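*Asks:* First, the structure itself, so that you have it in front of you.
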Number of protein chains: 2
Amino acid sequence: MAVYTDIADEELGAFVADYGIGEVTSFMGIAEGVENSNFLVRTTEGNFILTLYEKRVRREDLPFFLGLMEHLAARGVSCPLPLLTKQGEMLRELRGRPAAMISFLPGLWPRRITANHCAELGEAMAKLHIAGSDFPHTRANALSLDGWWQLIEATRERADEVKPGLADFLEEEFRYLEANWPKDLPTGVIHADLFPDNVFFTGDKLTGFIDFYFACTEAFAYDLVICLNAWCFEADGSFNRTKAVGLLKRYLAVRPLTPAEKAALPLLARGACLRFLLTRLYDWLNRVPGALVKPKDPMEYWTKLRFHQQVTDPTDYGL
Amino acid sequence: MAVYTDIADEELGAFVADYGIGEVTSFMGIAEGVENSNFLVRTTEGNFILTLYEKRVRREDLPFFLGLMEHLAARGVSCPLPLLTKQGEMLRELRGRPAAMISFLPGLWPRRITANHCAELGEAMAKLHIAGSDFPHTRANALSLDGWWQLIEATRERADEVKPGLADFLEEEFRYLEANWPKDLPTGVIHADLFPDNVFFTGDKLTGFIDFYFACTEAFAYDLVICLNAWCFEADGSFNRTKAVGLLKRYLAVRPLTPAEKAALPLLARGACLRFLLTRLYDWLNRVPGALVKPKDPMEYWTKLRFHQQVTDPTDYGL
């Protein structure tokens, strides 16, 4: 939950006026999201989200993210749409930070995951992948092998504070993944952060995706395993095969996997675990007293990684 | 900024259904407020605020607060109105916490205070005092002399960590206030926490008050000095007499002060400073690493208290 930057009255009024969306009637910080400051802006014409991009998002990546949302929205994917000012600007500056006004997406993110949520997610993610496949821009995945190695080096000295032997475990896993990482899988734009708080539902129906600020050009199947990890494990660490079956089945009905993609799932899933284990570990070791955001437990992803290490056949996931 | 408690989907749906306010279409935590968890609930019929009362609010006080809001709203004071369920309940329970659904108040709280804001506040506060004067319930001010003494005792050992000599300063000030504290001033329900983030404006016009969770039965003039402190000082610690003149003039035009109230202002203002200095000092000394809420600077109120100690005549405030 986060609002890192507050905005003075006159600044807000002047900023909003450029969009021709009426007068501001209400303005409040939203306690969701970790990377940026988000505000709900109500005007006489509707509801909008104002996002101020804080330092963790690279300014030069923002045109990719905002352009992607526009591209996807134009192809019927329900996601926030960046507004243009009367002068045609999409990315602006406020309080010394890059800032954008985006449309408000109705829906609630699910707190208790059901098999139905997973199935809905599978179908919508496949459509997202297809809709993004003709997006003309690319962005390398900063959190793949190179990025993992940087995080391993940055956490090596203190990783064992979290769990004895963790530093060695991470390096060993990395060496294995580096040697076996699949190449030439079908690739395109993936969301790369489809955790439940980034997926909105109204009742049983998925109504849209938010928070595209990790989107990158990557193997499509990598998005799938991120979701297997984030949606198909229970709080006790057990894998819920029913949820995974729903997710995979509805995904495949829209976008079938190639044999190479199927075969790569266990390895990709281990990589996706290592990615979140490492970023969480880094945040955990570098947490700041008094910080607004509680660091997430890195060991949740250790448990999931251990599960995938035992998987010998992708059919174990319910394929 | 705070959301201490999250709510599961089914719980939310069941809770909202009892009000007959339509289907939930959106639900998000609000990054404002310090004491409680607040959520914006949008339904097919409008916008509402769901508040979960966290441990700092005493459950037995809630009927007073909620009843007061209802009383004031019925008398034309713009403030959130607690909703009743179809069964007539105003105060309920959710996630083991007392919970209420209240109406959504439009407007923005001012980030940069102008003399106009202060003048508007003066008039609206006087009307608030008059509207509350026939509220039949009472609640003692827990943060008056007795409460201050408890905070002095609780902070005595470590107060000098913040400023050398602070513990002695606080006790000396307390002894003086205790010996001279005015009695028999006109009394009624006061808000007791009218900081800018609890007062909403639309353009130049004050549109309402929120957050009545410190309201109590107290000298009306005490509310006035809390506002002098919170609205009429600049960031550099200087007193802005123009703002104070506007605040007082418009207040007095609605509710004139008695001679005893006027004479008591400097002393009440010192008391109001001591109150916020002490609670901020306590929070500062007991801040928790990783807490969601940044503690506020206690010394801001030391500076203001020093100012009021020099005031010899209430006309110094602009009366």
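The values are calculated or read from the model by the stated rules, or taken from the named source; none is laboratory data. All figures in this text were calculated on a predicted structure; none of them were measured in a lab. Here the Cβ positions follow ideal geometry from the backbone for every residue, glycine too, while neighbour counts run over all protein chains shown. Note: accessible area is taken over every heavy atom of the protein model, side chains too, but ligands, DNA and RNA are not part of it. Shrake-Rupley method; radii C 1.70, N 1.55, O 1.52, S 1.80 Å.
*Asks:* Answer yes if at least one residue in segment B:175-186 is touching a strand residue (DSSP E or B) at 6+ places or on another chain (Cβ under 6 Å), of a type in the set (S, T, N, Q) and open to solvent by 10 Å² or more (accessible area, probe 1.4 Å), and no otherwise.
*Replies:* There is no residue in segment B:175-186 that is touching a strand residue (DSSP E or B) at 6+ places or on another chain (Cβ under 6 Å), of a type in the set (S, T, N, Q) and open to solvent by 10 Å² or more (accessible area, probe 1.4 Å).
*Asks:* Within segment B:163-268, which helices (runs of 4 or more DSSP H) (wholly inside it) include 3 or more residues that are free of Cβ contacts under 8 Å to residues at least 24 places away in the same chain and farther than 28 Å from A:LEU12 by Cβ?
*Replies:* By residue number, B:166-180.
*Asks:* Now for a different question. So which of A:VAL254, A:VAL311 ends up being farther than 30 Å from A:ARG158 by Cα and either of a type outside the set (Lys, Arg) or surrounded by 17 or more Cβ atoms within 10 Å (Cβ to Cβ) (or both)?
*Replies:* Result: A:VAL254 is the single residue among A:VAL254, A:VAL311 that is farther than 30 Å from A:ARG158 by Cα and either of a type outside the set (Lys, Arg) or surrounded by 17 or more Cβ atoms within 10 Å (Cβ to Cβ) (or both).
*Asks:* Suppose we keep only residues that are more than 10 Å from chain A (Cβ to nearest Cβ) and in a helix (DSSP H, G or I) within segment B:1-55. Which one would you say is modelled with the lowest pLDDT?
*Replies:* Top of the filtered list is B:ALA14.
*Asks:* Is it the case that segment B:106-119 has a residue that's on the phi > 0 side of the Ramachandran plot, at pLDDT below 95 and within 14 Å of chain A (Cβ to nearest Cβ)?
*Replies:* yes
*Asks:* Considering only residues that are more than 14 Å from chain B (Cβ to nearest Cβ) and over 20 Å from the mean Cα position of the chain (by Cα), look in segment A:284-308 and name the one that is surrounded by the most Cβ atoms within 10 Å (Cβ to Cβ).
*Replies:* A:HIS308
*Asks:* What are the residues in segment B:257-283 that are farther than 30 Å from B:GLU35 by Cα, in contact with a Leu (Cβ under 7 Å, 6 or more places away or on another chain) and open to solvent by less than 20 Å² (accessible area, probe 1.4 Å), if any?
*Replies:* B:GLU261, B:ALA264
*Asks:* Here is a follow-up. Say we look at segment B:4-26 and pick out the residues that are free of Cβ contacts under 8 Å to residues at least 12 places away in the same chain and not charged (D, E, K, R); which of these is least open to solvent (accessible area, probe 1.4 Å)?
*Replies:* B:ALA8
*Asks:* Could you go through segment B:120-127 and let me know if any residue there is of a type in the set (Asp, Glu) and at pLDDT 95 or above.
*Replies:* yes
*Asks:* With respect to B:LYS86, determine if the residue is in a loop (DSSP other than H, G, I, E, B) and more than 29 Å from A:PRO196 (Cβ to Cβ).
*Replies:* yes
*Asks:* Among the residues in segment B:203-225, are any open to solvent by less than 10 Å² (accessible area, probe 1.4 Å) and within 14 Å of chain A (Cβ to nearest Cβ)?
*Replies:* Checked segment B:203-225: at least one residue is open to solvent by less than 10 Å² (accessible area, probe 1.4 Å) and within 14 Å of chain A (Cβ to nearest Cβ).
*Asks:* Give the number of residues within segment A:269-319 that are farther than 17 Å from A:SER238 by Cα, part of a loop (DSSP other than H, G, I, E, B) and among the charged types (D, E, K, R).
*Replies:* 4
*Asks:* If I ask for residues that are modelled with pLDDT of 95 or more and surrounded by fewer than 21 Cβ atoms within 10 Å (Cβ to Cβ), which ones from segment A:137-150 would you list?
*Replies:* Selection gives A:HIS137, A:THR138, A:ARG139, A:ALA140, A:ASN141, A:SER144, A:LEU145, A:ASP146, A:GLY147, A:TRP149, A:GLN150.
*Asks:* Taking A:GLY29 and the conditions (1) of a type outside the set (A, V, I, L, M); (2) open to solvent by 10 Å² or more (accessible area, probe 1.4 Å); (3) over 16 Å from the mean Cα position of the chain (by Cα); (4) closer than 25 Å to B:PHE48 by Cα, which numbered condition does it fall short on, given that it satisfies the others?
*Replies:* (2)
*Asks:* Among (1) in a strand (DSSP E or B); (2) closer than 22 Å to A:PHE201 by Cβ; (3) within 14 Å of another protein chain (Cβ to nearest Cβ), which single condition is A:ILE102 missing?
*Replies:* A:ILE102 satisfies every listed condition except (3).
*Asks:* Also, quick follow-up: Looking at A:GLU60, is it within 14 Å of chain B (Cβ to nearest Cβ), open to solvent by 10 Å² or more (accessible area, probe 1.4 Å) and in a helix (DSSP H, G or I)?
*Replies:* no
*Asks:* Tell me yes or no: at least one residue of segment B:66-83 is closer than 27 Å to A:GLY107 by Cα, more than 10 Å from chain A (Cβ to nearest Cβ), open to solvent by 20 Å² or more (accessible area, probe 1.4 Å) and in contact with a helix residue (DSSP H, G or I) (Cβ under 6 Å, 6 or more places away or on another chain).
*Replies:* Yes - at least one qualifying residue is present in segment B:66-83.
*Asks:* Let me confirm something: among B:ARG92, B:ARG56, which residue is over 21 Å from the mean Cα position of the chain (by Cα) and outside the structural domain of B:ILE130 (by TED's automatic domain parsing)?
*Replies:* Sole residue among the options that is over 21 Å from the mean Cα position of the chain (by Cα) and outside the structural domain of B:ILE130 (by TED's automatic domain parsing): B:ARG92.
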